[in-house]
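The values are calculated or read from the model by the stated rules, or taken from the named source; none is laboratory data. Values in this document were obtained by computation on a predicted structure and should not be read as measured data. All Cβ positions, even for glycine, are placed from backbone atoms using ideal geometry, and neighbour counts span all protein chains on display.
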Amino acid sequence: MTQARALLAEFYMALVQLRRYPTESISQLVGLTVLFYGLFLGASYMSGNPLLGHRLSDIIVSYGLWTLCLGAVANIGHEIGNEAQNGTLEQVFLIPLGGGRIFLYRGIAQLVSQVILTSVVILIISLITRHHLSFSALDLVPMAMASLSAMGVGYLVASVTLLFKRSGQLLSIVQFILLFFIMIPFSSFHGWLIDVTIFVPLGPMIASLKQMMVDGHGLLTVHGWFWWGFVNVALWLGIGYLVFLKTSRKAARLGVLGHY
Amino acid sequence: MVLSVEGLSKTYSRRGDAPVHAVSDMSLSLDAGEIYAFLGPNGAGKTTTIKMIAGLVHPDSGDVQICGYSVLRKRRDALSHVGAVLEGSRNLYWRMTAMENFLYWGGLRGLPRLEVRKRGAELLEIFGLAQKRKDTLQKMSRGMQQRVAICTALLHHPKLLLLDEPTLGLDLEASDSVQEVVRGLANDSGTAILLTTHQMDVAQALARRVCIVREGRIVLEGETSVVLETFSTGSYTVELAEPVAPSRQTELTELGALWLSPASLRVSANQDRPIHEWLQHLDGYRIVRVELEGMDLGRVFRQVTMKEASS
């Protein structure tokens, strides 16, 4: 029950901020829409004719996935940096649940808000371009799983932030690594490369998504990528969480938990 | 016993710098309803100790037990009995109202929303903030923010409240109101309160026991009244109904009396010459008032810390 109430508390805080400062959310929505629309126009211009069908959907969904995962990687570290700067970080670690769990719940709350925001943006793009994106609600499943795997990487970034209270440089590198991962054609790999993909952050989910969107596979018929996705999420979320717990203890030993 | 601290030590080692012994072999205990003031100059180790008690800094050695649970081994059980307001202005989210902060922090502690609303309203009433419940914290004065922070720390009825410099930066009125609240908490709900402060008058007014730390070590500890009595200088002011004859004044001056006016003097009583002996020298004069000069914690603090610094 404590866990559920803590998770609800994080959703509550996100809602309060949204209600109190709607301009922030609206500007985020407008910014993302403009960016996606620019992407649509750019893709049309580059190809010389209006893009139709799957191709456009791929670009938009890939970009949506990238923003979601980037958010998942950056959120926890960003929150820790903010909390340390504001002076509330130590209060978070004073809660019996512990900082690791609280930031996990906060990450989930932010992820849900981001999924909603990205879906709204994609819907607006569809309306503006009068273009039906071939995107089904089931596509959200590998996207959400990819975000959870990215959250594991986010914990690793957050561990660095916890000790040094800075993660800007690291995040700028990570965003390009993520973009690189999203571009890799994991779904067409053969042999030992498949084994490697299972353990690459987001790997199985990107492969699932590509097979679903490009090749028209169903969620459960994506050559096992879907199930390997669970292994990938458990692995990265587990590694990230454990490293974060260990780093929290190290920060407490060094006495730098509340420093900024 | 609510809090038991045994042999707590912490040394900070930074690469290239000499190690800093922040806290050395610190032991203390607190019972329910007791207010304990932790005094010391800057860098004496007060905040490090309070953070070790809260589990935010891990000690090199020693242990902290809260309601019988070790903060290091049973962190979750131990911290469920602790509320804390740490040094610095920000313990809460300023973009949220008091009640929103209560609902958020109460939720993280697993408290039901209805219970938090009820308890929150009750606390706001007690702390004189009922009319401010809809204001965001950024619109409140520093004193109000501090009181909201204390309210938040009390949502879950903690048995131990840690207050790091609770009246720092507050004006007199706000400081008085925080002191009143702290006293009420200890008396009415039996909360054990450990507070650190630089303001000796605050410590003297609130604490039943005080402890002075210097360079991470306890240099003085005891009941506030006993400490004040021990450090009393034994100086008495004696006021007479009429001026003392010049010859008698000279006689008493030679014994060490200091004349404030021809009809009042200050004398230092000690074992060799107790106060009644001084008064015998004033035979024949009507004595209006004899008053022992009070010792305050500020003077005790200065004496102790200066003595320690020179030794």
*Do we find a residue being touching a Phe, Trp or Tyr at 6+ places or on another chain (Cβ under 6 Å), closer than 20 Å to B:D164 by Cβ and within 14 Å of chain A (Cβ to nearest Cβ) anywhere in the range B:36-46?*
yes
*What are the residues in the range A:232-260 that are small (G, A, S) and surrounded by 15 or more Cβ atoms within 10 Å (Cβ to Cβ), if any?*
A:G240, A:S248, A:A251, A:A252, A:G255, A:G258
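Run down A:S126, A:S149 and say which single residue is touching a residue at least 60 places away in the same chain (Cβ under 8 Å), part of a helix (DSSP H, G or I) and of a type outside the set (A, V, I, L, M). Steps first, answer last, please.
Details: A:S126 fails: touching a residue at least 60 places away in the same chain (Cβ under 8 Å).
Just a single option satisfies the conditions, and that option is A:S149.
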*Please name all residue pairs, on different chains or six or more residues apart, with Cβ atoms under 9 Å, provided the first residue is in the range B:250-274 and is assigned by TED's automatic domain parsing to the domain that holds B:V288 and the second residue is of a type in the set (D, E) and assigned to a strand (DSSP E or B).*
B:L260/B:E239; B:S261/B:E239; B:A263/B:E239; B:S264/B:E239; B:L265/B:E239
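From the set of residues in the range A:1-27 that are in contact with a helix residue (DSSP H, G or I) (Cβ under 7 Å, 6 or more places away or on another chain) and more than 7 Å from chain B (Cβ to nearest Cβ), which is surrounded by the fewest Cβ atoms within 10 Å (Cβ to Cβ)?
Residues of the range A:1-27 in contact with a helix residue (DSSP H, G or I) (Cβ under 7 Å, 6 or more places away or on another chain): A:5-14, A:16, A:18, A:25.
Then drop every residue that is not more than 7 Å from chain B (Cβ to nearest Cβ), which leaves A:7, A:10-11, A:14, A:18, A:25.
Working: A:L7: 19, A:E10: 22, A:F11: 17, A:A14: 15, A:L18: 12, A:S25: 14.
Looking at residues that are in contact with a helix residue (DSSP H, G or I) (Cβ under 7 Å, 6 or more places away or on another chain) and more than 7 Å from chain B (Cβ to nearest Cβ), I get A:L18.
Based on this model, can you work out whether A:T161 counts as within 14 Å of chain B (Cβ to nearest Cβ) and hydroxyl-bearing (S, T, Y)?
Numbers: within 14 Å of chain B (Cβ to nearest Cβ): no; hydroxyl-bearing (S, T, Y): yes.
Answer is no for this residue.
Having 1 or more residues that are farther than 30 Å from B:Q271 by Cβ and β-branched (V, I, T) is the bar; report the helices (runs of 4 or more DSSP H) wholly within the range B:125-231 that clear it. Before you say what the answer is, go through the steps one by one.
Values: elements: B:142-154, B:172-189, B:200-206, B:224-230.
Helices (runs of 4 or more DSSP H) meeting the threshold: B:142-154, B:172-189, B:200-206.
The rows are residues; the columns are (1) farther than 30 Å from B:A205 by Cβ; (2) polar (S, T, N, Q); (3) modelled with pLDDT of 90 or more; (4) in contact with a strand residue (DSSP E or B) (Cβ under 7 Å, 6 or more places away or on another chain).
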{"position": "B:G16", "(1), (2), (3), (4)": "yes, no, no, no"}
{"position": "B:S29", "(1), (2), (3), (4)": "no, yes, yes, yes"}
{"position": "B:A37", "(1), (2), (3), (4)": "no, no, yes, yes"}
{"position": "B:A54", "(1), (2), (3), (4)": "no, no, yes, yes"}
{"position": "B:G68", "(1), (2), (3), (4)": "yes, no, yes, no"}
*Might you let me know whether the range A:211-230 holds any residue that is modelled with pLDDT of 80 or more, of a type in the set (A, V, I, L, M) and either over 20 Å from the mean Cα position of the chain (by Cα) or under 25 Å from A:G71 (Cβ atoms) (or both)?*
no
*Could you give me the residue pairs with C-beta distances under 7 Å whose first residue belongs to the range A:88-108 and is at the interface with chain B (Cβ under 9 Å from one of its Cβ atoms), whose second residue is of a type in the set (V, I, T) and in a loop (DSSP other than H, G, I, E, B) wherever it lies, and which are 6+ apart or on separate chains?*
A:I102/A:I95
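Please specify each residue of the range B:168-199 satisfying the condition of being of a type outside the set (A, V, I, L, M) and more than 20 Å from B:G33 (Cα to Cα). Show your work before the answer.
Of the residues in the range B:168-199, the ones of a type outside the set (A, V, I, L, M) are B:169, B:171, B:173, B:175-177, B:179-180, B:183-184, B:187-191, B:196-199.
Residues satisfying the conditions are B:G169, B:D171, B:E173, B:S175, B:H198, B:Q199.
For the range A:160-260, please list each of the helices (runs of 4 or more DSSP H) lying entirely inside it that holds at least 2 residues being touching a strand residue (DSSP E or B) at 6+ places or on another chain (Cβ under 9 Å). Don't jump to the end; show me each part of the working.
Working: elements: A:168-183, A:192-199, A:203-213, A:225-254.
Those helices (runs of 4 or more DSSP H) do not exist here; none qualify.
How many residues are within 14 Å of chain A (Cβ to nearest Cβ) and in a helix (DSSP H, G or I) if we restrict to the range B:91-124? I'd like the intermediate steps shown before the answer.
From the range B:91-124, those within 14 Å of chain A (Cβ to nearest Cβ) are B:91-117, B:120; that's our starting set.
With in a helix (DSSP H, G or I) added as a condition, the list becomes B:98-108, B:113-117, B:120.
Selection size over the range B:91-124: 17.
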*Which condition breaks for B:R76 when tested against (1) in a loop (DSSP other than H, G, I, E, B); (2) surrounded by fewer than 19 Cβ atoms within 10 Å (Cβ to Cβ); (3) within 7 Å of another protein chain (Cβ to nearest Cβ)?*
(1)
*Qualifying positions in the range B:281-305 - part of a loop (DSSP other than H, G, I, E, B) and farther than 18 Å from B:M200 by Cα*: B:H281, B:L282, B:D283, B:G284, B:Y285, B:R286
*Would you call B:M52 assigned by TED's automatic domain parsing to the domain that holds B:E221 and farther than 24 Å from B:G298 by Cα?*
yes
_If I go through the range A:202-218 residue by residue, how many of them are buried (at least 22 other Cβ atoms within 10 Å of the Cβ) and of a type in the set (D, E, K, R)?_
1
*Residues in the range B:124-147 that are surrounded by 17 or more Cβ atoms within 10 Å (Cβ to Cβ) and either farther than 27 Å from A:F103 by Cβ or among the acidic types (D, E) (or both): how many?*
8
